[in-house]
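Undergrad: This structure is in structure tokens; I'll ask about it shortly.
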Amino acid sequence: MKVVCSQSELNAALQLVSRAVATRPTHPVLANVLLTADAGTNRLSLTGFDLNLGIQTSLAASVETSGAITLPARLLSEIVSRLANDSPITLATEESGEQVQLTSLSGSYQMRGLPADDYPDLPMVESGMTLKLQPAGLVQALKGTLFASSSDEAKQLLTGVHLRFNDKALEAAATDGHRLAVLQVDDALQDSANSSDDAAEGFAVTLPARSLREVERLMAGWRSDDPVSLFCDRGQVVFLAADQMVTSRTLEGTYPNYGQLIPDGFNRTLALDRRGLIAALERIAVLADQHNNVVKFSSQPDEGVVQISADAQDVGSGSESLPASLTGDAIQIAFNVRYVLDGLKAMGSDRVVLHCNAPTTPAVLKPEGDAEAFTYLVMPVQIRS
């Protein structure tokens with residue numbers, strides 16, 4: 001293999017695929033990145049795969065001799081990232097095929113690799129479900145839900161995001177047991193064509209948040225309106241966008257029926273300016289974080305204000321008042337301040353409405369005037385008087 005490519009493009013590709021390289025590999029080759037040079041297309045392809053998450057990308061290169069090898073991901077990334085970005089890089093394998101010479105304007109480096117044949121193949125979806133997604137709609141759905149997924153590996157299913165496709169709409173949902181984010185994106189699907197059935201009616205899949213964060217990162221930098229292809233078959237999902245691909249296993253099991261958790265109606269609402277509320281909560285959080293992260297909301301309908309307060313035992317206390325449009329009786333309800341802030345930051349509206357019934361029943365935050373698109377349910381914290 002002999003190939004010449006740009007330092008900046010190779011560095012960007014390595015940063016991308018290294019996110020799928022195993023940190024504690026079960027086999028030495030999984031700590032490596034696979035490089036495949038193709039003289040026919042004059043492209044260099046890079047792959048990272050930890051057996052759960054796979055990322056592949058390619059870049060234009062001058063390929064003198066086709067070939068493939070795997071190299072230590074971390075070592076290669078650190079060398080390439082430190083080379084001058086205006087210097088072309090030449091990668092050439094020795095006759096044995098396991099030693100690679102990396103040459104730039106400033107010098108040359110030798111690295112020992114492992115044969116490409118030892119590297120596991122990325123899962124390919126030959127049949128099953130095929131969907132075309134609008135990149136902007138997919139990014140919107142992931143941004144609005146990923147933060148609410150669980151980081152507790154014991155709650156296997158809850159470490160993912162549930163994606164439900166129906167006609168042309170995409171509904172994404174994530175919960176960690178304390179809060180729930182649901183976002184509906186209309187017209188997220190360009191085409192509901194399915195290779196096996198007539199339509200993607202009611203098709204749903206749960207994918208690990210870690211994989212979807214990479215998809216979101218990929219899509220956020222996607223500079224095209226071309227649709228993203230999603231293939232799903234036998235426990236594997238592949239997202240394909242131009243010359244970049246993310247593969248992921250699915251999370252098996254029945255996702256909780258989250259629709260049942262959302263109350264049918266509410267007898268109290270608190271409508272506030274979203275940015276003003278975020279700023280006040282971030283100030284109050286300085287105290288709340290000292291003790292138990294709890295912040296209290298006290299509505300005062302007579303005065304048209306909501307008081308937000310935190311009491312950190314032996315440290316201090318603080319409160320702020322915000323103007324609000326209130327309906328229903330006065331209420332005092334407490335939340336984990338971090339959960340509330342996460343939900344508010346995922347919204348794009350100027351005003352938000354907090355819907356609640358009692359200090360111990362689930363409350364729902366919604367953008368004002370947004371009937372159905374985004375719902376953020378938070379469980380209150382019980383206050384001991």
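The values are calculated or read from the model by the stated rules, or taken from the named source; none is laboratory data. In this text the structure is predicted, and so the values were computed from the model without any measurement. Virtual Cβ from ideal backbone geometry, glycine too; neighbours counted across all protein chains shown.
Undergrad: May I ask you to say which residue of 290, 260 is among the polar types (S, T, N, Q) and exposed (fewer than 14 other Cβ atoms within 10 Å of the Cβ)? Give the derivation first.
TA: On the way: 290 fails: exposed (fewer than 14 other Cβ atoms within 10 Å of the Cβ).
Result: 260 is the single residue among 290, 260 that is among the polar types (S, T, N, Q) and exposed (fewer than 14 other Cβ atoms within 10 Å of the Cβ).
Undergrad: From the residues in the range 366-378 that are over 13 Å from residue 263 (Cβ atoms) and outside any loop (DSSP other than H, G, I, E, B), which one is modelled with the highest pLDDT? Reasoning before the result, please.
TA: Step one: of the range 366-378, the residues over 13 Å from residue 263 (Cβ atoms) are 367-374, 376.
Next, only the ones that are outside any loop (DSSP other than H, G, I, E, B) stay: 367, 374, 376.
Numbers: 367: 94, 374: 94, 376: 97.
Out of the qualifying residues, it is 376.
Undergrad: Run residue 172 past the list (1) part of a loop (DSSP other than H, G, I, E, B); (2) at pLDDT 95 or above; (3) of a type in the set (Gly, Ala, Ser) and report the number of the one that doesn't hold.
TA: (1)
Undergrad: Of all residues being on the phi > 0 side of the Ramachandran plot and out of contact with any helix residue (DSSP H, G or I) (no Cβ under 8 Å at 6 or more places or on another chain) in the range 263-314, which is modelled with the highest pLDDT? Just the residue, please.
TA: The initial filter retains those residues of the range 263-314 that are on the phi > 0 side of the Ramachandran plot, namely 293, 304, 314.
From the residues that got through so far, the ones that are out of contact with any helix residue (DSSP H, G or I) (no Cβ under 8 Å at 6 or more places or on another chain) too are 304, 314.
Details: 304: 94, 314: 83.
Selected residue: 304.
Undergrad: Let me ask something additional. Which of (1) under 20 Å from residue 74 (Cβ atoms); (2) surrounded by fewer than 15 Cβ atoms within 10 Å (Cβ to Cβ); (3) over 32 Å from the mean Cα position of the chain (by Cα) is the odd one out, the single condition residue 118 does not satisfy?
TA: (3)
Undergrad: Please tell me if residue 280 is in the same structural domain as residue 369 (by TED's automatic domain parsing) and crowded, with 17+ Cβ neighbours inside 10 Å.
TA: Values: in the same structural domain as residue 369 (by TED's automatic domain parsing): yes; crowded, with 17+ Cβ neighbours inside 10 Å: yes.
Yes, satisfied.
Undergrad: Could we say that residue 250 is of a type in the set (Ser, Thr, Tyr) and not assigned by TED's automatic domain parsing to the domain that holds residue 187 here? Don't jump to the end; show me each part of the working.
TA: Details: of a type in the set (Ser, Thr, Tyr): yes; not assigned by TED's automatic domain parsing to the domain that holds residue 187: no.
For residue 250, the condition - of a type in the set (Ser, Thr, Tyr) and not assigned by TED's automatic domain parsing to the domain that holds residue 187 - is not met.
Undergrad: Okay, moving on. Testing residue 124 on (1) outside the structural domain of residue 215 (by TED's automatic domain parsing); (2) of a type outside the set (Val, Ile, Thr); (3) in contact (Cβ under 8 Å) with a residue 60 or more places away in the chain; (4) not in a loop (DSSP other than H, G, I, E, B), one condition comes back false. Which one is that?
TA: With (1) outside the structural domain of residue 215 (by TED's automatic domain parsing); (2) of a type outside the set (Val, Ile, Thr); (3) in contact (Cβ under 8 Å) with a residue 60 or more places away in the chain; (4) not in a loop (DSSP other than H, G, I, E, B) applied to residue 124, the lone miss is (4).
Undergrad: Scan the range 223-254 for residues that are hydroxyl-bearing (Ser, Thr, Tyr), more than 18 Å from the chain's Cα centre (by Cα) and within 26 Å of residue 375 (Cα to Cα) and jot them down. It would help to see each step written out before you state the result.
TA: To start, the set of residues in the range 223-254 that are hydroxyl-bearing (Ser, Thr, Tyr) comprises 224, 229, 247-248, 250, 254.
With the extra rule that they be more than 18 Å from the chain's Cα centre (by Cα), the set shrinks to 224, 254.
Matches in the range 223-254: 254 only.
Undergrad: Test residue 151 against the stated conditions and say whether it is in the same structural domain as residue 36 (by TED's automatic domain parsing), of a type outside the set (Phe, Trp, Tyr), surrounded by fewer than 20 Cβ atoms within 10 Å (Cβ to Cβ) and outside any strand (DSSP E or B).
TA: In short, no.
Undergrad: Mind listing whichever residues of the range 321-330 are on the phi > 0 side of the Ramachandran plot and crowded, with 17+ Cβ neighbours inside 10 Å? Please lay out each step first, then the result.
TA: Initial filter on the range 321-330 (on the phi > 0 side of the Ramachandran plot): 328.
Result: no residue meets the conditions.
Undergrad: Based on this model, can you work out whether residue 286 counts as part of a helix (DSSP H, G or I), among the hydrophobic types (A, V, I, L, M, F, W, C) and farther than 24 Å from residue 265 by Cβ?
TA: Considered against the rule, which asks whether it is part of a helix (DSSP H, G or I), among the hydrophobic types (A, V, I, L, M, F, W, C) and farther than 24 Å from residue 265 by Cβ, residue 286 comes out as yes.
Undergrad: Okay, next question. For the range 208-249: of the residues being outside any strand (DSSP E or B) and under 11 Å from residue 123 (Cβ atoms), which is modelled with the lowest pLDDT?
TA: Top of the filtered list is 234.
Undergrad: Out of curiosity, is residue 96 part of a loop (DSSP other than H, G, I, E, B), under 25 Å from the mean Cα position of the chain (by Cα) and not charged (D, E, K, R)?
TA: No; evaluated as a whole, the condition is false for this residue.
Undergrad: Could you check the range 310-333 and list, in sequence order, the residues that are among the aliphatic types (A, V, I, L, M) and either within 21 Å of the chain's Cα centre (by Cα) or farther than 15 Å from residue 280 by Cα (or both)?
TA: The answer is 312, 315, 326, 330, 331, 333.
For (1) surrounded by fewer than 17 Cβ atoms within 10 Å (Cβ to Cβ); (2) within 30 Å of residue 171 (Cα to Cα), each residue gets a yes or a no:
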site	(1), (2)
314	yes, no
319	yes, no
332	yes, no
337	no, yes
348	yes, yes
355	no, yes
384	yes, no
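Undergrad: Answer yes or no: is there a residue in the range 290-309 that is touching a residue at least 60 places away in the same chain (Cβ under 8 Å), part of a strand (DSSP E or B) and more than 30 Å from residue 159 (Cα to Cα).
TA: no
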